[in-house]
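What follows is a single structure, written as C-alpha cells, with notes after it.
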Amino acid sequence: MLLKDKIAIVTGASGGLGLASAKAFAEQGAKVVISDVTDEKGEAAAAALRDAGFDVQYRHCDVTRKADIQALIDGTVKTHGRLDIMMANAGIVHACDPLELSEEDYDRVLAVNLKGVFLSGQLAARQMMTQERDGDGQRGVIVNMSSCQAVIVIPEIASYVMSKGGINQWTKALGIRLAKEGIRVNAIGPGSIATEMFKSVANDPQKMRNIMSRTPMGRAGDPSEIGSIAVFLASPMASYITGQTIYPDGGRLGLNYTVPVVD
C-alpha cells in the first residue's frame, strides 16, 4: 500500500472530490480525518467508509476560521500522533455576471477557496515541521485542490477563477519555501468531473454538448480519477515533485478548437 499508516486530513470531504480523495487515501492504507461544515453528511460519509473497513473519522471545520483548522489539526495529532498529509479541498462557487458580483459574494468565495487553502497549508506546515523526518527525509505532504479554471476562464464564475489562480501561486510559493523542510506541496486542477454538482449540468443536453465539445477525451472524469492523482502526489512516487499543479482535464487545456460531439 502506498500510504500505509499515514495520517491524512481532507477538508470539504463530505462529498465530491474530497470524499473520493479520502476514500482513495484510505484504500491505500492511510488513516483519514475528513472535515466539512455539513456535519450530518460528513458523519454519514465517515460512517460509510468505516463500514467498508477503513479507519476514517469526521470532524467539523469551517476553513474560513483559523481556530477551526487549528483545532482540526490538533485533534488529529492528539488521536494519531502526527499529520502526514493535508489535502485542502474545501471550495465553493458563485455564478453571476462579473459586473454584478457583489463584494459580499466575492469575499465569501475567496474566504473559503483561497484563505481556507492558505490557512490549511500554513498550519499543516507548522505541525509537520515539528515532526521527525521519515527514511526518505520527508516530514509531510500538502495537496491543494485547484482547477483548470486557474488557467482558462468562464467569466460568470469570476471569483472562483480568481481564487483558483491564487491557489496555483500559493502552491508554488509554499512548495519552494518548504522544500528544504522535507515537505512537498502540489495541486490538482481538474476539468469537468462527474460530481453531484456536475450531474445537475448533465441533465441539460445543450450544456453537456458545450462541455463535451471542448473535452477531447469525450467524457467527464470520474471523482475516483482525481482520488488516484491525490494518492500519487501524497505518496513517495511523487518524491521529486513540488510546487506543481497537475491538470486531469481530458485534454481541455491543450485544445484550441471544439471537437465533434457523439450523441
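Read-outs throughout are calculated quantities, based only on the coordinates presented, and are distinct from any laboratory measurement. Remember, it's a predicted structure, so these values are computed and weren't measured experimentally. Backbone-built Cβ (ideal geometry, glycine too); neighbour counts: all protein chains shown.
Remarks
- Per the Debye formula on identical point scatterers at the alpha carbon atoms of the range 41-160, with no solvent, log10 I(q)/I(0) at q = 0.10, 0.13, 0.16 Å⁻¹ is -0.40, -0.65, -0.89.
- Using the Cβ-Cβ distance between Tyr257 and Asp5 with R0 = 45 Å, the FRET efficiency computed as 1/(1 + (r/R0)^6) comes to roughly 0.40.
- Along the chain, the exposed loop sites are chymotrypsin sites (Phe, Trp or Tyr not before Pro) outside DSSP states H, G, I, E and B with at most 15 other Cβ atoms within 10 Å, and the longest stretch free of them is 1-239.
- The value of relative contact order for the range 149-263, using C-alpha pairs under 8 Å at least six residues apart, is 34 percent.
- In whole percents, the pair-distance distribution calculated for the range 84-220 from its alpha-carbon pairs, binned every 5 Å from zero, is 2, 10, 17, 18, 16, 14, 10, 7, 4, 2, 0.
- For the pair Asp134 and Met197, a Förster radius of 30 Å applied to the C-beta separation gives a FRET efficiency near 0.25, rounded to the nearest 0.05.
- Potential lengthening between Glu100 and Ile241 on full extension [0.36 nm per residue; Cα-Cα distance subtracted]: 46.8 nm
- For the range 84-123, size of Cβ-based charge dipole, Lys and Arg +1, Asp and Glu -1, in debye: 240 debye
- Of all lysines in the structure, those lying under 20 Å Cα to Cα from Lys115, and not within fewer than 8 positions of it along the same chain, are Lys66, Lys164, Lys172.
- GNM top mover of Gly165, Gly218, Gly135 - the chain, alpha-carbon springs below 10 Å: Gly135
- Sorted largest first, extent of the chain alpha carbons per principal axis (Å): 52, 39, 38
- Student exercise, the range 7-249 dipole from Lys, Arg, Asp, Glu Cβ charges, in Debye to nearest 20: 680 debye
- Likely footprinting exposure, Leu72, Leu83, Leu123, Leu99, fewest C-beta neighbours within 10 Å first: Leu99, Leu123, Leu72, Leu83
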